[in-house]
Structure formats: structure tokens, C-alpha cells
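The values are calculated or read from the model by the stated rules, or taken from the named source; none is laboratory data. For clarity, every value in this text was computed on a predicted model and none was experimentally measured. Every residue, glycine among them, receives a Cβ derived from its backbone with ideal geometry; neighbour counts consider all protein chains shown. Accessible surface areas use protein heavy atoms only, side chains included; no ligands, DNA or RNA. Shrake-Rupley method; radii C 1.70, N 1.55, O 1.52, S 1.80 Å.
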Amino acid sequence: SKMENECAIICLIYIERLMVMTGFPVDHMNWRRITLISLILASKAWDDESFENSNFAEVFPAFPLADINKMERVFLDFTQYRLFITPADYAKYYFILKTYSERRNLKFPHAPMDDSFIKALIQRSDKTRTKMKRRGHQTKFNKTL
């Protein structure tokens, strides 16, 4: 299994959501952790066969499983489980990345959104939010990412 292209866009939405909702800055000390956990959550929201946290810990040995689990809980708590992605959210970042790629003559691997994509986006993001809440990720932590 591989991470789908759409996960990059969803990851950016989650990072911005964290920053807006908390005022939490992304800086040279935390960008790797924030990006990793945002990618993990994006994968869980979009990919039908997402990797488990243990798989990510194997691929990224600098982040042990316990740390990944803790980062996930903290991120979800800070963003109040707002994993739902609207078509407008997705379109905003789609066009930002597409424009960025075109200006730099880079390949942009994403197809434009159509009705079936929009329906899948809504269903998958809502399903993930519900699943995460059911799994009991509502533990509060005093530490930050």
C-alpha cells in the first residue's frame, strides 16, 4: 500500500487547522512532528487501506510508536477532532499547490475534483472523525507537539 496523492493536500489543511485553532506556531523545532502526524491522519482519512501507527514507526524510526500515538492524541485534542474536509477546503489547497507547481514547471499529480471525488471526500473525512472518536483518542495532555 502507498499513501495517495490526495493526502498531501489534506495534510496541509490539517496543519493550517492546527495553527488557526490553537495559535500554535510551526517552527524549526516542531515542523517534522506536525507534518508527520498530519500525514498520518490524512492517510487515515483518505486511504482505504491506511497504514497503522506501528507501520509509520517502522518507516520513521526517529518517532517511536508511543510518541506517534501521543502526537496523534494531542493533535486530535487540539483540533477538537475536526478531521472533516469540505470540498472548499480541498479546492483551496489544490489550486494553491497546482499554481505553485505550474509556476515552477513541476509535475502536479492530482486530477481535478469531480462529483464522485467530492462525495468520497465528504464520506471519508466524516467516517474518520467518527472512528477516531470511538477509539477513545480523547485523552488530554499538558504537553505540546
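With respect to the numbered conditions (1) under 24 Å from MET19 (Cβ atoms); (2) modelled with pLDDT of 95 or more; (3) out of contact with any helix residue (DSSP H, G or I) (no Cβ under 8 Å at 6 or more places or on another chain), which one is the sole condition not fulfilled by ALA66?
The failed condition is (1).
Within the group THR99, THR86, which residue is β-branched (Val, Ile, Thr), surrounded by fewer than 15 Cβ atoms within 10 Å (Cβ to Cβ) and more than 15 Å from the chain's Cα centre (by Cα)?
THR99
If you take the residues in the stretch 17-32 that are within 26 Å of PRO87 (Cβ to Cβ) and open to solvent by 70 Å² or more (accessible area, probe 1.4 Å), which one is farthest from the chain's Cα centre (by Cα)?
Checked the stretch 17-32; the qualifying residue farthest from the chain's Cα centre (by Cα) is VAL20.
Here is a list of conditions, (1) open to solvent by 70 Å² or more (accessible area, probe 1.4 Å); (2) without any contact (Cβ under 8 Å) to a residue 12 or more places away in the chain; (3) over 27 Å from LYS107 (Cα atoms), and GLN80 meets all of them except one; can you say which number that is?
Evaluating GLN80 over (1) open to solvent by 70 Å² or more (accessible area, probe 1.4 Å); (2) without any contact (Cβ under 8 Å) to a residue 12 or more places away in the chain; (3) over 27 Å from LYS107 (Cα atoms) leaves (2) as the failure.
Of all residues in the stretch 39-64, count the ones that are assigned to a helix (DSSP H, G or I) and of a type in the set (Phe, Trp, Tyr).
Result for the stretch 39-64: 2.
Listed here are the residues, each with its yes/no results for (1) under 16 Å from ILE10 (Cα atoms); (2) of a type in the set (D, E, K, R).
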| site | (1), (2) |
| --- | --- |
| VAL20 | yes, no |
| SER50 | yes, no |
| GLU58 | no, yes |
| PRO61 | no, no |
| MET71 | no, no |
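Restricted to the stretch 49-77, and to residues that are free of Cβ contacts under 8 Å to residues at least 40 places away in the same chain and of a type in the set (Phe, Trp, Tyr), which residue is least open to solvent (accessible area, probe 1.4 Å)?
PHE56
How many residues does the stretch 33-48 hold that are within 13 Å of the chain's Cα centre (by Cα) and free of Cβ contacts under 8 Å to residues at least 24 places away in the same chain?
Residues in the stretch 33-48 being within 13 Å of the chain's Cα centre (by Cα) and free of Cβ contacts under 8 Å to residues at least 24 places away in the same chain: 0 in total.
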